[in-house]
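The values are calculated or read from the model by the stated rules, or taken from the named source; none is laboratory data. Just so it is clear, the model here is predicted, and its values are computed rather than measured. Here the Cβ positions follow ideal geometry from the backbone for every residue, glycine too, while neighbour counts run over all protein chains shown. These area figures cover heavy atoms from the full protein model, side chains too; ligands, DNA and RNA do not enter into them. Shrake-Rupley method; radii C 1.70, N 1.55, O 1.52, S 1.80 Å.
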Amino acid sequence: LGMPIMIRTNSATELCITRGQEGLVYGWQAEIGSRGQNVLGVLFVRLVNPPQQVQFDDLPRNVVPIMRTSSSTLCYLPDDSTVNITRCQVEVLPNFSMTDYASQGKTRAYNVVDLNNSYLHQSYYTALSRSASAAGTVILQGFDARKITGGASGALRQEFRDLEILDEITRLTYEGILPPAVTGDRRGSLIMAYRGLKGDSYVPENVHHAIRWSKSDPYVVTDPMRGEDEPGSVPTTNAEGSLSKAATGAPTRVLKRKVSASAVQQGKATKKTRTNYQAIEHEHLQHNMPLGTRWQSNSCAYDATVSILYNVWRDDTSRWTEMFRTINLELMGLLATGFMNHENGLYTLENVRDFFHRALDRSAPGRFGWGEFTSVHSVIDRALHTSVPVLSSDLTCTNGHVAARPNLSVNGCMINAIVTHESRDSNGGFRVNASSICTSCGADVYRQFSYIQAPPLLAFDIAGCGSRHVIEDSLSIAVNNQIWTYALRGVIYHGHGHFTARVITADGIVWYHDGMDTE
């Protein structure tokens, strides 16, 4: 009794039984479980500082019942059998401590904070600002003072500057004295219109000296195409980043540094040489150089994906626009339309990437949050999802016995398997170990995959094959007795928490792309 807890679900918002509401255990009712054991059925919680007073019949004021809930999950085991698991619990957590994120919006009369493991100054601020007074604040152990005295980053200072301009525009609008010339449907265009009217050297009166701008520390112009729902950033340029030509033709290992196109030149032509073949080759490479996006807010998974797809699309814009749309309209059709608008000068390639990112977030909320880390596998698997099956499969042992379990099909162009010479058959299908044995003969069982159709694109996740795996430059599959051949057009690598890519053009030249490094 009396244990502090936090409610973790919005059971009844009108009764203050909401996610994040704090309370103390007041009592409980136990029930008998399916195996004769005691299980928690109802937990009675006394709410701490609820937004309004709550009164249940026969219960003290602000004491509420939290009922047990259940949720079910279908689990697939390594042998492809399934188990349905149901979990029943009262959705509360012990609340002896909480993270800085969970504490937002709360006020503590006595605030005990541990700053030692906080990574950023924002965490320091959030934890300390929960205190109602300095006398009620206790800091456990030491902390790194450099995190709050080292100065803000350029991007953060620019975000604060943008907010100061927007704050003044809001005040003038409220007072009804904002000049009519100041208009805009996005924060970037609104700030640009206001500064265009007031002049580049204008600084609002109440701006703190730490973020005031001047000729020596100028205000960085915000991209007017940036949407209001995107986080602040300081773009260095609106132009696309070009890619660097890789030093080798076979993308079998990660390039540790950027290699420029000029690295393929053998040297400068002598004065006696009238034709500069190296310059001609360099000009040819520059003309056929693929384009990629610049990194912004943990966008590397999207940068690698969009850069490869864009350079495939550029080979034949009309044909690939139609091909993208046959995969799906929601994401690939959106990309094709964005690429066309980019070619027409309406958007930067970074804009197209961000439109694609937001569409992914809408299609799978919580998996592709802005500024959050995600995997290339998740991005491509979602982007290349199809409405019809691409692969079918069945379970077979090495002696040819076929399991009676229902066949599985794959709706998508993303193949989550390592396809090698040993695992591939003559029709381009492949098999993977199913981690089970045949009930008829005891031999090992594998799952045999066969192609039902030949989609425009195929992607393979080979993350588990090791660094020595050799990537072939083509793949042939058979569908309805017709052979379809695919050419390798891109390889994406991951290392040190960052994705980079090799983009392979139609003429076989391999280029290296890193949105954080490539100029």
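For segment 193-213, a residue qualifies if it is open to solvent by 40 Å² or more (accessible area, probe 1.4 Å) and outside any loop (DSSP other than H, G, I, E, B), and the qualifying residues are G196, L197, K198, H209, A210. So which of L190, L178, L172 ends up being outside any loop (DSSP other than H, G, I, E, B), more than 30 Å from T149 (Cβ to Cβ), open to solvent by less than 80 Å² (accessible area, probe 1.4 Å) and free of Cβ contacts under 8 Å to residues at least 12 places away in the same chain? Matching residue, one of L190, L178, L172: L172. In this structure, S393 does not qualify as of a type outside the set (K, R), out of contact with any Pro (no Cβ under 7 Å at 6 or more places or on another chain) and surrounded by fewer than 19 Cβ atoms within 10 Å (Cβ to Cβ). Looking at T326, T305, T321, T293, just one residue is of a type outside the set (D, E), open to solvent by 50 Å² or more (accessible area, probe 1.4 Å) and in contact (Cβ under 8 Å) with a residue 12 or more places away in the chain, and that residue is T326. Among the residues in segment 66-76, are any under 34 Å from the mean Cα position of the chain (by Cα), closer than 25 Å to L1 by Cβ, surrounded by 16 or more Cβ atoms within 10 Å (Cβ to Cβ) and of a type outside the set (D, E, K, R)? Within segment 66-76, none of the residues are under 34 Å from the mean Cα position of the chain (by Cα), closer than 25 Å to L1 by Cβ, surrounded by 16 or more Cβ atoms within 10 Å (Cβ to Cβ) and of a type outside the set (D, E, K, R).
To keep it simple, each residue is scored yes or no on (1) under 30 Å from V112 (Cα atoms); (2) aromatic (F, W, Y).
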| site | (1), (2) |
| --- | --- |
| C16 | yes, no |
| L24 | yes, no |
| A30 | no, no |
| D57 | no, no |
| P65 | yes, no |
| S72 | no, no |
| Y76 | no, yes |
| N95 | yes, no |
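Every condition in (1) modelled with pLDDT under 75; (2) more than 27 Å from F324 (Cα to Cα) is met by D444 except one, and the failing one is (1). Only residues that are modelled with pLDDT of 90 or more and either under 30 Å from I437 (Cα atoms) or part of a helix (DSSP H, G or I) (or both) were counted in segment 86-123, giving 0. Looking at P60, P51 in this structure, which one is more than 30 Å from R447 (Cβ to Cβ) and open to solvent by less than 100 Å² (accessible area, probe 1.4 Å)? After ruling out the rest, the residue left standing is P60. When segment 287-330 is examined, which residues are found to be farther than 18 Å from A501 by Cβ and β-branched (V, I, T)? Correct list: T317, T321, T326, I327. Here L40 fits the description: surrounded by 12 or more Cβ atoms within 10 Å (Cβ to Cβ), over 30 Å from V445 (Cα atoms) and of a type outside the set (D, E).
Of all residues in segment 348-377, those satisfying the criterion of being part of a loop (DSSP other than H, G, I, E, B), under 14 Å from Q296 (Cα atoms) and either in contact with a helix residue (DSSP H, G or I) (Cβ under 8 Å, 6 or more places away or on another chain) or not charged (D, E, K, R) (or both) are T348, G369, W370, G371, F373, T374. Residues in segment 126-149 that are touching a helix residue (DSSP H, G or I) at 6+ places or on another chain (Cβ under 8 Å) and either part of a loop (DSSP other than H, G, I, E, B) or free of Cβ contacts under 8 Å to residues at least 12 places away in the same chain (or both): F143 only.
Listed by position, the strands (runs of 3 or more DSSP E) enclosed by segment 2-77 that each have at least 1 residues that are out of contact with any Asp or Glu (no Cβ under 8 Å at 6 or more places or on another chain) are 22-32, 38-47, 63-67, 69-76.
Selection within segment 112-134: residues that are of a type in the set (A, V, I, L, M, F, W, C) and open to solvent by 30 Å² or more (accessible area, probe 1.4 Å). The member of this set that is farthest from A102 (Cα to Cα) is A134. Among the residues making up segment 28-56, a single one is at positive phi and more than 41 Å from the chain's Cα centre (by Cα): G36. Remark: N238 matches the filter, which requires a residue to be open to solvent by 50 Å² or more (accessible area, probe 1.4 Å) and modelled with pLDDT under 85.
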